[in-house]
Amino acid sequence: MAESPANPNGSPQPRDPREFVRDFTRYQRRLFLYVLSQVGNPVDAEEILQEANVVVWRKCDQFEPGTNFYAWACRIAGFEVMKFREKRRRDKLQFSDEFVSAIAAEEEDSAEHDEARRAALAACLGKLKSSDRELIQQRYAPGENGLSVADALGRPINSVYQSLGRIRKALLECINREMAAEFG
């Protein structure tokens, strides 16, 4: 990885710090859910995530641009979960490490699948006729509902709902095709 000159504390900077910051902020919610899936307590999950974030920042020069940031950060968060669990070993109710690892793996797989579905949705939205895409965007704009969209378009509400149903069905079929192509 090509690195820029060292920062004042002597550690090298990633090639493009903005990309690292973008990925770091983009995945905070998913990392929190990943940690929460393993500890079950939101307060503990927040504490663990903060510890993981410190390590992620400290190791930013070790992240290789172009690789999966979420998977890299999950490994770090997983180690922080293990450290947390080790501290809590004396608690009476404790899930086995194997169980927690299985839940973590399932969450990571689920997150990757969800990300692939979002990408498929974006691709499928791009394939819609512009009028259908505009109708979907209007309907799902913050604060909008079918009635307000129908009023804005001057169309009967039943007509709007029928159109939305047709578009949703087409999107679902397209997403399923995209996912089948990606995951076999």
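Read-outs throughout are calculated quantities, based only on the coordinates presented, and are distinct from any laboratory measurement. Only a predicted model underlies this, so the values are computations on that prediction, with no experimental measurement involved. Note that we place each Cβ from the backbone using ideal geometry, even for glycine, and neighbour counts take in every protein chain shown.
For the chain, Cys60, Cys74 have no disulfide-compatible partner, since no other Cys C-beta lies under 4.7 Å from theirs. Each residue of the range 16-22 is assigned a 3J(HN,Hα), and the resulting list reads 10, x, 5, 5, 4, 5, 4 Hz, derived from the Karplus form 6.51 cos²θ - 1.76 cosθ + 1.60 (θ = phi - 60°), x at Gly and Pro. When the chain is described by a simple charge dipole with +1 on each Lys and Arg Cβ and -1 on each Asp and Glu Cβ, the residue from Phe183, Val81, Leu153 located farthest towards its positive end is Leu153. Descending by average beta-carbon neighbour count within 10 Å, the peptides 46-53, 159-166 line up as 46-53, 159-166, the highest first.
Put simply, when 64-73, 30-39 are sorted by average Cβ atoms within 10 angstrom per residue, most first, you get 30-39, 64-73.
Based on the Kirkwood approach, the hydrodynamic radius assigned to the range 114-184 is 12.9 Å, with every pair of different Cα atoms included.
Scaled to the globular estimate 2.2 N^0.38 Å, the Cα spread of the chain, given as radius of gyration, is 1.38. The charge dipole of the chain, taken about its Cα centre with unit charges on the Cβ atoms of Lys, Arg (+1), Asp and Glu (-1) only, comes to about 480 debye.
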